[in-house]
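Everything below concerns the one structure shown next.
Any read-out appearing in this document is the output of simple, stated calculations on the displayed coordinates, not a laboratory observation. What you see is a predicted model; the values in this text were computed from it and never measured. Cβ: placed from backbone, ideal geometry, glycine included. Neighbour counts: every protein chain shown.
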Amino acid sequence: MSEKVPLLPQEATPASPAKFTLVIHGGAGTMDKSRSTPELRKQYKAALSRALLAGYTILNAGGEAMDAAVAAVSSLEDCPLFNAGKGAVFNVAGKNELETSLMLSCPPSTHPSIPPSRRGVGITLLAHARNPSQLARALYLSPESAPHTMFSGVSAESLGAPLGVELVDESYFFTEHRWREHRRGLGLPEEPLPYPGRGDDDSQAPLDQLPTGTVGAVALDVRGCIAAVTSTGGRTNKLVGRVGDTPVMGAGFWAEEWRVTGWARRVLRRLKGKSKTVAVGVSGTGDGDYFIRLATGSTIGRRMKYLHEPLSVAAKACVEELRRDGGIGGVIALDNGGNVAMPMNCSGMYRGVVYEDGVPKTAIFDDDELD
Ligand code: ASP
C-alpha cells in the first residue's frame, strides 16, 4: 500500500528551526554622542563582540540557549564598563546590591528532569556572587534545593555556594568611576576611596549617564529553545533594599512558548514552513520601576500570543508604552524564527547580535547601524 501524501508540507520538529541566534544588550539610556571618543566606543564595541562570541561558541557547538546566554552575560559582568558584576553601581549607602534573572521558553534538553512549569528564577540583593547570572542558572537547575521563583541576598548566595557558585568579597565589585558617580550624585566629596588602588583599571568615565549599564542576553539554540538572562547593579543611589525590574518575572525579562491557535493561522504557518510553536525571549533595560508597573517583558509575549503581533510590532509597542509613561529604556527580543527586535525610546542602547555566520555586529546610539 502506497504511503498517504500529506496535503500540506510536513512540518519540521516543533519549534526546531535548526538555526541559532544570540542578541545582547549592555544597557539603555541617555547617551551623548558628542561626549564619546572613538577609543571609548571601540572599547564598548569590543566588549560586546567578546560577549557575543562567548555565546556563539556554545550555540555553534549545538549547546543550550541557557548556557550561551549565561556565557555572554558573564563576559559583560566581568567587564567594568557595564553596570553588572564588576563595575556595578552603588546604592545610596555606598553598597552594591546586584540583581539577576533567567527564564527559558522550554527546559534545557540536558536537564530533562526540570519541569516546563519551572520557567525561570529572579534573584535580588546580592552582594557576593561574582557572576550573578551563574547563580541564577545554578538555582534554576536545582529545584530540589531552590524550589521557588524569587530569591534574595545571603540566603540565595548560600544556596548557590554548594552548587559551585563563586562568592567574592564585596570589594571585588568596586570601580572608581562608579564610586565617584555615586558620591557626586549625593553631593558628597568623591574622596576618600573605600578601596584605594582597587578597581582603577577603568580610568575612563563610562559613556552612559544614569541609569544605564544593565546587561542582558537572549539566545535561540538549534532545538528552538530560547533563554533570556539579565544582570544589573540597578540604579545609582537607589534606596537600600530597592528591587528593580531585572529580577521580576514579566517586568524586565520573559520567555515562553505556545502552540499557534486558529485553523487559518496554522495552515498559513505550515505553508510557510514555520513551526506550529512560537517561542519568544525578552531582556529589558532602563528605568525598572516603569517596566514593573507595565509588565513590559510579559506584555511583549502576550501581545504576540493573543494579538498575533509579530515580534517587532509587539516589542515596539511596549517600549512606546514605557515612553508615554515617562520610563526610558529599551528591550532586546528574539523569537524562534530567528527574528530580532531591539527597540529603544532613548538616545542609545549598547547592543549586538550574532547569527550562524559567527560575525558579531554591534551598535551604541539609536541612529547607529549594527556593524
Ligand atoms: N532596569 C534596571 C533597574 O531599574 C536599570 C537599567 O536597566 O539600567 O534596576
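Summary of computed values
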{"read-out": "Mean separation of Cα contacts under 8 Å (6+ apart) over length of the range 7-126, as relative contact order %", "value": "17"}
{"read-out": "Rel. contact order, % - alpha carbon contacts under 8 angstrom, at least six apart, the chain", "value": "26"}
{"read-out": "Most mobile listed residue (290, 355, 195) in the chain, GNM with C-alpha springs under 10 Å", "value": "195"}
{"read-out": "Packing rank of 47-60, 330-343, 265-278, 114-127, where each peptide gets the mean count of other beta carbons within 10 Å, highest leading", "value": "330-343, 47-60, 114-127, 265-278"}
{"read-out": "Mean separation of Cα contacts under 8 Å, 6 or more apart, over the residue count of the range 126-262: relative contact order %", "value": "19"}
